[in-house]
Each structure stands twice: as structure tokens, then as C-alpha cells.
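Values quoted throughout were computed directly from the atomic coordinates according to the rules given, and no laboratory measurement underlies them. Everything numeric in this text was worked out from a predicted model, so none of it was measured. Note that each Cβ is placed from the backbone with ideal geometry, even for glycine, and that neighbours are counted across all protein chains shown.
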Amino acid sequence: MPTTQSLTLPAKAESLGAVTRFVREGAREANLPEARMDEVDLLVEEIFMNIARHSYPKGSHGEVTVMYSLPGPGELVVEFGDQGVEFNPLGVSPPDLTSDLAQRRVGGLGVFLLKEFADSLSYRREQGWNRLTFGISAKP
């Protein structure tokens, strides 16, 4: 069973740098190529900032727990957990990339990017926790 590393920080934009560095450490341990690390950075930013902005009601404070494991050579699995408002991002309708930018509905692009870059992606609500997990490998 792979070893899991864990980090818990306030769900605030100021925590993004620490979360990104933490997950990048796992990406380096997994020997992901630089191009894949850049994709991991983008996914981490998208997921974390959505939690920081939307998971907890205005005026309340919450935390995000980020975990990573290395299930095999060249493989990284990252999980974000929060106890905020229940929300399954995988249920969001995909954005209409064919319509004029000014006419597009706000939202959905982050989930689109997750689905494009991640090799695996899942969401579950478990004992009051939102858990969003993605896997990414060295192979593009």
C-alpha cells in the first residue's frame, strides 16, 4: 500500500502556494515530467481555489486537507477534502466552447480541464466531507 502524505491548511487563497509546493513534492517523487507537473499545478490551483471561494459560507472559516500518494512508478494520486457545502463538481455541465466568449455561461471550465489532464477523477461525499481525487501519470 502506498504511503500517503497529508497537509491541512485554511481554505483561503493565501494557502495556495503551500498547497502547490506540497503537491509538487509528490509529483517530483513520482518522477513526473515537467509538462505533467505544470498540469498538476493547474489542477491544484483550480480545485483549491474553488474550495477556498465556494465551499464555506461567507463569514465562516474552514480547512482543506490535501493528500497525495504514489501508487506505482510514475503515478501520483491527489485528494482534496473539505467539510464545506456538499458539491459534486463532476456533475457540472461542460462549458460550451463553441459559443462566443461574451455569451458563455460562467463556470465549468475548471472541471473541463480536470477531465482533460487527469488520468482518473472521482468525487464522493463521505461523513460530511467532500472528497475530490485525481490521478495523473508520467505518461501523457
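Tabulated results
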read-out	value
Exposure proxy ranking, count of Cβ atoms within 10 Å, fewest first, for LYS115, LYS58	LYS58, LYS115
Positive-end extreme of charge dipole, the chain - chosen from SER137, SER6, ASN88 (charges on Cβ)	ASN88
Estimated dipole of the chain in Debye, rounded to 20 [Cβ of Lys and Arg +1, of Asp and Glu -1, Cα centre]	280 debye
Relative contact order (percent, whole number), the chain, Cα cutoff 8 Å, 6+ residue spacing	27 percent
Mean projection area, nm², convex hull over Cα of the chain	9.2 nm²
Order of HIS54, HIS61 under a 10 Å beta carbon neighbour criterion, fewest first	HIS61, HIS54
In nm, spacing of pseudo-spin labels at GLU14 and ASN88 (7 Å Cα→C-beta vector)	3.6 nm
